[in-house]
Amino acid sequence: MPASYAYLGPEGTFTEVALRTLPETATRELIPYVSVQSALDAVRTGEAEAAFVPIENSVEGGITTTLDELVAGAPLMIYREVLLSITFALLVRPGTKLSDIKTVSAHPAAQPQVRNWLKKHLPDAHWESAASNADAARLVQEGQYDAAFAGEFAAARYGLEALETGIHDAENAQTRFVLVGRPARPAAPTGADKTSVVLWQRDDHPGGLRDLLGEFATRGINLMLLQSRPTGAGIGNYCFCVDAEGHISDRRVAEALMGLKRICLQVRYLGSYPRADMQPGDVQPPRPGTSDDEFVSAADWVARCQDGRF
């Protein structure tokens, strides 16, 4: 039996489309799951080699369901990311007119991306959230809702037609997806990588977040995502999901993580993996004083001072 990848289903989701851009899927069994949680749990229990799920979109930011699943539970690790441009179609049962639509459905992350269109064209329609956009299409097929926002490609799969296409409130909207597996040695650096971690403060104090960010800033590490998530321990208790430029094998990144490990209550490493938005030749060189060679030179200087050879 081939190794399997779990993904947010059912068939016909943007997640499936993005997943199929990975070359290795030609040798994997792709299994749809009803939710992000169930897809990631399939990895934790060994039912699947990896899971492919959405984690961020350019309109609303982080996908909280995915972030919360990575924050809690048995540790998992990100191995790859994929960016997919997103536009929606309004899928309906054949013969449905715009004036017939009283209920619409989609994944909660879709609502901010079509909110203005919905207000303009279907101001009285009632929104109902679904586990995924493709699941919303399935529910329309079954007659539970009048219309679904989903990919146009899902229409034929669910016997629907696209009443409207090219729907989006923001030009060039993208969703970021990640391939998640069990913890293992990260892949070798490519020169265009990012590292993801979750940080818990040791205590609440003035400048606490500044202290965390300072570990990155003093080493010239740019951040691409910073999102707080409640820990569940009460109002005001948060952890921070961070995406930072670089790979854990880079000296500046490794030293930043060591600094964070010293000052944080907990640090969860989520992986170092290739960036989907850049090639190695596109990455700007490290700021002066933050390259691997300069870290090695500084460490050598300290050692010589300790030996009286300065």
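The values are calculated or read from the model by the stated rules, or taken from the named source; none is laboratory data. The structure presented is a predicted model; accordingly, all values stated were derived computationally and were not measured. Every residue, glycine among them, receives a Cβ derived from its backbone with ideal geometry; neighbour counts consider all protein chains shown. Surface areas here come from the heavy atoms of the whole protein model, side chains and all, with no ligands, DNA or RNA. Shrake-Rupley method; radii C 1.70, N 1.55, O 1.52, S 1.80 Å.
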Given (1) in a loop (DSSP other than H, G, I, E, B); (2) assigned by the TED database to the domain that holds A147; (3) surrounded by 22 or more Cβ atoms within 10 Å (Cβ to Cβ), index of the condition G95 fails: (3)
So the check is Cβ under 6 Å with 6+ separation or different chains; which pairs have a first residue in region 139-164 that's among the β-branched types (V, I, T) and a second one that's buried (at least 22 other Cβ atoms within 10 Å of the Cβ)? V140/A148
List the strands (runs of 3 or more DSSP E) inside region 142-232, counting only whole elements, that have at least 3 residues being outside the structural domain of I101 (by the TED database) and either open to solvent by 50 Å² or more (accessible area, probe 1.4 Å) or of a type in the set (F, W, Y) (or both). 223-230
Name the pairs whose Cβ atoms lie under 8 Å apart, with the first residue in region 293-310 and without any contact (Cβ under 8 Å) to a residue 40 or more places away in the chain, the second part of a helix (DSSP H, G or I) and surrounded by 10 or more Cβ atoms within 10 Å (Cβ to Cβ), and 6 or more positions between them or separate chains? F310/W301; F310/R304
All conditions in (1) modelled with pLDDT under 95; (2) within 23 Å of V197 (Cα to Cα); (3) in contact with a Ser or Thr (Cβ under 8 Å, 6 or more places away or on another chain) are true of T13 except (2)
Residues that are out of contact with any helix residue (DSSP H, G or I) (no Cβ under 8 Å at 6 or more places or on another chain), within 20 Å of F88 (Cα to Cα) and open to solvent by 40 Å² or more (accessible area, probe 1.4 Å), drawn from region 1-54: V17, R20, T21
Candidates R262, R252, filtered to the one that is surrounded by fewer than 18 Cβ atoms within 10 Å (Cβ to Cβ) and either touching a His at 6+ places or on another chain (Cβ under 6 Å) or part of a helix (DSSP H, G or I) (or both): R262
Residue under question is N133, and the condition is that it be under 22 Å from the mean Cα position of the chain (by Cα) and not small (G, A, S); does it hold? yes
Pair list, Cβ under 9 Å, 6 or more apart: region 272-283 residue more than 8 Å from D193 (Cα to Cα) and not assigned by the TED database to the domain that holds R80, other residue β-branched (V, I, T) and open to solvent by 50 Å² or more (accessible area, probe 1.4 Å): Q279/T190; P280/T190
Confirm whether L67 is farther than 24 Å from A188 by Cα and in contact with a Cys (Cβ under 8 Å, 6 or more places away or on another chain). yes
Among the candidates L98, L122, L67, residue that is farther than 30 Å from Q279 by Cβ and in contact (Cβ under 8 Å) with a residue 60 or more places away in the chain: L98
